[in-house]
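Some notes on the structure that comes next.
No value in this document is a laboratory result; all are computed from the given coordinates. Only a predicted model underlies this, so the values are computations on that prediction, with no experimental measurement involved. We place every Cβ from the backbone using ideal geometry, glycine too, and count neighbours over all the protein chains shown.
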Amino acid sequence: MTTTTPPTTTPPSTTDTPPPPTDVPSTSSTPPGPNDLVLDRPSVQPGDALSATGKGCTPGERVTLTSDGERVGGAYADGTGAFTAAVEFTRIEAGRHTVVADCGVRLTGAVEQVVTSSSGGHSGTLVVLVFFVLAGITVIRFP
């Protein structure tokens, strides 16, 4: 035996609270923490521009950016203690690199450095080399 119950209705609310927002982001990224350095790209190739943003510094304080012990950028904190600086790697090394911003507090972020290679440019050289080897064999064999 199947029992059906009539739908229940609730009276309209008399409070003036707005409904919860419905525009939930589609990605589940976590917001940056207080000691996070925000990099504008997750990965870079040699020559790509990279920008770092952070906050929590003393206003006017010098910010030095380093990665693997080498200086990769710098800026000055603004009146609110925030800064934005360009990051430029001097060495090209594939892999994950941690960038540290030091302005009295240490902020950290990470970026993946991607290196690509191409082997298509050597085929023309190989054809020319084979041609001269065959031409040399022909000259030696048939004087």
Segment Arg91-Glu61, extension gain: residue separation times 0.36 nm, minus the distance between their alpha carbons: 8.1 nm
Zone residues, the range 84-99, relative to Asp78, backbone N less than 17 Å from point 7 Å out along Cα-to-Cβ: 84-86
Cut-off under 5 Å, modelled amide H: who pairs with Val63 long-range: Ala75, Tyr76, Ala77
